[in-house]
Every structure is written in structure tokens, then in C-alpha cells.
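One structure is given below, encoded as C-alpha cells.
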Amino acid sequence: MRKKLGAAVVGLAVAGVSLLATGSASSHGYTDQPISRQKLCANGTVADCGDIQWEPQSVEGPKGFPAGGPADGSICSGGHGNFAQLDAAKSPGGGAWPATRLTGGQGYAFRWQFTARHATTDFEYFITRNGWDDTKPLTRADLESQPFMTVPYGGMQPPGSLSQQGTIPTGKSGHQVILAVWNIADTGNAFYACSDVHF
């Protein structure tokens, strides 16, 4: 009986360590407000997206944007070739990416969903410049040089769903893209999410 109990305790301890390790390594997330390209693929609004439809939370790339991070032309995919559909100017079906309607100056709750949580430095939100070329994949030159909103998070872990109140930039018109960046505190990576919006 003692041997069986000892084996069970060791088994539970190993399982616990595995779960902890997995929870840290698989910390992922995406934005669904405004709805991101990866979420549009995951919920079936946009079809034929490839691998991203199964793992919208996995757009992870090097942090340090815009000085570092994914290369121009692969920002929305986080630099992952298997998520390249997210970088295309048109949706996989050939039409425009569905866009959230916004008004400059309005208050807005930006929302992240997390499949696992991770110690967080901050969240940053960038927006494209007026006159950017939306027929090509997103580049740094297409974006305003500074984020319009930064939310420090002090190394804490976010809850499963996190809303952050902000203000939509003024002076924008037509089709724009908001790039949300979740900077992880204890790794060299960040998570990226592109949302198409229309003013």
C-alpha cells in the first residue's frame, strides 16, 4: 500500500511540474476587440486561413517593436511563414479583411483573450498613417512611429480576458490597421495582433 501511495504522490508531482512548465511555455493571446485577423480566421468569418484558424493565440515573435520584432511585410504574422495569410493585404478569400467601424476620439475598450497567462511588461497599440498603401503587407513605415496607447503591466500576469480602456486616435480616415503588441516580461518575445478598422 505504501509503495502504491508513494508512486501516486510521485506521479502527481511529475504531472504538476509538467502542467506548470506547459502553462508557462504555452502562454498565448490575441485581440478580439477590435477583432483581429487571427480571430476572424478562428471563428470562421474568414475561411481558408491555414494553420492560424486552429491557433489564433500563437502569433509570437521577437519583442522590441518597432526597433526589433518581426520583419517588414511579416508583422501581422509575427514572422511565421505558416501564418502568412495574416500578412496579405486581402483576406484569403480575396476580399477586404472585415473591419471594425471606429470614430476618432471615441472611448474604446481594447480586449485581449489569453489561452494561458504570462508575466507582462506592457501592451502597446500602434495605428497606420493616413495615406498608407493598404494593397501591400504592413511595414513599419506604414505605422505611426509611436504607439497611441501604452499600458504598463509591471510584470504581472493578466487574467483570462483583459479589457483596456483607451481613446481612438483622431484625424484618421478610411481603412486603417491597429497593431496590438503584448510584450512578455520574462522571455525575448511578444505577441502581435493586426485589426482592420474603418473610420
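Miscellaneous remarks
- Near His118, once Lys and Arg are set to +1 and Asp and Glu to -1 for all other residues with Cβ below 13 Å from its Cβ, the sum equals -1.
- Both radii are taken from the alpha-carbon atoms of the chain; with Rh as the Kirkwood radius, Rg/Rh is 1.07.
- Residue among Gln33, Gln165, Gln113 with the largest mean-square fluctuation in a Gaussian network model of the chain, springs linking Cα atoms under 10 Å: Gln165
- In this structure, the amide hydrogen of Leu143, modeled 1.01 Å from its nitrogen in the peptide plane, lies closer than 5 angstrom to those of Arg129, counting only residues at least 5 positions away or on a different chain.
- Each residue in Asp72, Asp142, Asp133 was given a count of other beta-carbon atoms within 10 angstrom of its own, and listing them fewest first yields Asp133, Asp72, Asp142.
- Our helix-only sum for the chain, with -39,500 (n - 2.57) per DSSP H run of n ≥ 4 divided by its residues, gives a mean residue ellipticity at 222 nm of -5000 deg cm²/dmol.
- Averaged over residues, the count of other Cβ atoms within 10 Å places the peptides 153-160, 41-48 in the sequence 41-48, 153-160, highest first.
- Overall form of region 97-193 per C-alpha gyration tensor (a/c, 1.5; a/b vs b/c): prolate
- Relative contact order [Cα under 8 Å, 6+ residues apart], the chain, whole percent: 27 percent
- Of the residues Ala185, Ala141, Ala84, the one that moves most in a GNM of the chain with alpha-carbon contacts below 10 Å is Ala141.
No lab work stands behind these numbers, since they all come straight from the coordinates. Keep in mind that what you see is a predicted model, and the values were worked out from it rather than measured. Heads up, the Cβs are rebuilt from the backbone with ideal geometry, glycines too, and the neighbour counts pull from every protein chain shown.
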